[in-house]
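What follows is a single structure, written as structure tokens, with notes after it.
Values quoted throughout were computed directly from the atomic coordinates according to the rules given, and no laboratory measurement underlies them. Given the structure is predicted, the values throughout are model-derived calculations rather than measurements. Glycine gets a Cβ as well: all are built from the backbone with ideal geometry, and neighbour counts include every protein chain shown.
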Amino acid sequence: MELVSPDRVMRLDPVFGAMGLEAGRKIWSPSQLSMREKAVLLLAGDVTVRELGLPFELHMAMALNKANMSVEDLRELLRHVAPATGLNPTSRAFERLAAVVAELGQDSDSAATRTPAPYPLTPYPADALGSLRAADPKLAEAIGKQSAELWVRPGLSHRERLLASLAVDVAGGTLGQAFAADICMAASAGITRAELNEALDVIAEYSTVRAWEAAIVLDRILQSVPEALSGSKIAGDKDAEPRVVDSDVDVEKYDRSVLNKPDASGLAIVETRLIEKFAGGIIGEGDATHLRLERSDGTGTLICYERITGSVGGRQGSFLLEAKGAMEPGAVVHGHWEVVAGSGTGELEGLKGYAEFSAKRDEQSPTGWRAHTSLTYWLEPLGVA
């Protein structure tokens, strides 16, 4: 892999520069993690250790030129890590981002908007904030609200957000309950142990001794998680290896009913029933029920259950999904969904996975709406919990 500006690294010091370039070539060489995922790990690590000089600049250049990330993707990454890395250092990262992007001849402006509260439920496991809630309920509530807002935003995949959070944990040396929660979320999302080990190899750029400690803690956590990412669960089973498929979705039927009219808060409770046609990696029909908290301008949040009947990756059957999302100005809906455990039937028995989705107005659609979803899935061997 050709690195950006290797001469600038060598000018720092001939011995150190050679060490740095060797590490960089190893990190960016083809492997189980994508180029985008490696860029996410490195940039999240940069902000965590307050390193906004040459490494941050070079990592941004690699992200933009080699990893197919946009300036808006980089902004979204900084938004995601900001609560954990600190708002003040992240504000300096935004300043540095604007300067580097301008030097690269790109526009650093953003038209992104913040989705107003209320937000969907926090993505953390149900008991993850339990100890903190007992010690400091206000802080637990604040962290829950921040995570609920950030994890459903567009721009980064669920997997990329998980890796960014792990980079913050390891580079920052915080390997307690937050790290354990992030590892459990990674397990549920299908990130393999080999991929987690590779992520630690990347983050070792910030401190080999912190990566050393993290590897030991990671091993301990994975041994205690029933759905751990290694061992008999996926060893030698190609169907259990995570796969990614993209699908286009046509909304063929859309029924809307107001269950509870808005009060002084301006929020109404609205139910929408959708019949959707999937094409691509998922082929078939979905029957969805959305429950929405909706404002007069159409913005708000939603939760959803949907049964899809058809095929995934050529395997026939059906499954249920549980979704959380947000409606933003300009008739845009986005969020994430997960396969409901135990809901797969037929050849999809044992199906697990998660996905990002986005929908927007489309005049060519019979109902005025079209959507797109990217699903990461795998099949749990029968008999494995």
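The table below lists the values:
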read-out: Sequence ranges 10-20, 59-69, ranked by mean other-Cβ count within 10 angstrom, highest first; value: 59-69, 10-20
read-out: Per-residue HN-Hα couplings for the stretch 169-174 [Karplus 6.51, -1.76, 1.60; θ = phi - 60°; Hz; x = Gly/Pro]; value: 4, 6, 4, x, x, 9
read-out: Sorted peptide list for 160-169, 197-206, criterion being average Cβ within 10 angstrom, highest first; value: 160-169, 197-206
read-out: 3J(HN,Hα) from dihedral phi, the stretch 264-279, Karplus parametrisation 6.51/-1.76/1.60, rounded to Hz, x for glycine, proline; value: 5, 6, x, 9, 10, 9, 10, 10, 10, 10, 10, 10, 10, 10, 9, 9
read-out: Of (1) 62, 53, 42; (2) 68, 49, 48; (3) 156, 41, 35, the label for Cα extents along the principal axes in Å derived from the coordinates; value: (2)
read-out: Normalised contact order of the stretch 239-379, rounded percent, pairs of Cα under 8 Å and 6 or more residues apart; value: 23
read-out: Per-residue ³J(HN,Hα) for the stretch 331-342, Karplus 6.51 cos²θ - 1.76 cosθ + 1.60, θ = phi - 60°, Hz, x for Gly and Pro; value: 6, 10, 10, 8, x, 9, 9, 10, 6, 6, 4, x
read-out: P(r) weight above 26 Å for the stretch 239-379, C-alpha pairs, percent; value: 24
read-out: Among 273-281, 27-35, the order from most to least packed when residues are scored by Cβ within 10 Å on average; value: 273-281, 27-35
read-out: Net charge dipole size for the stretch 239-379 [Lys, Arg +1 and Asp, Glu -1 on Cβ; Debye, nearest 20]; value: 260
read-out: The chain, dipole about Cα centre (Lys/Arg Cβ +1, Asp/Glu Cβ -1), debye to the nearest 20; value: 460
read-out: Positive-pole candidate from W151, I221, G172, dipole of the chain, charges at beta carbon; value: G172
read-out: Helix axis angle, 208-224 relative to the chain longest principal axis, alpha carbon, degrees; value: 30
read-out: In degrees, nearest ten, helix 71-85 long axis to first principal axis of the chain (Cα); value: 80
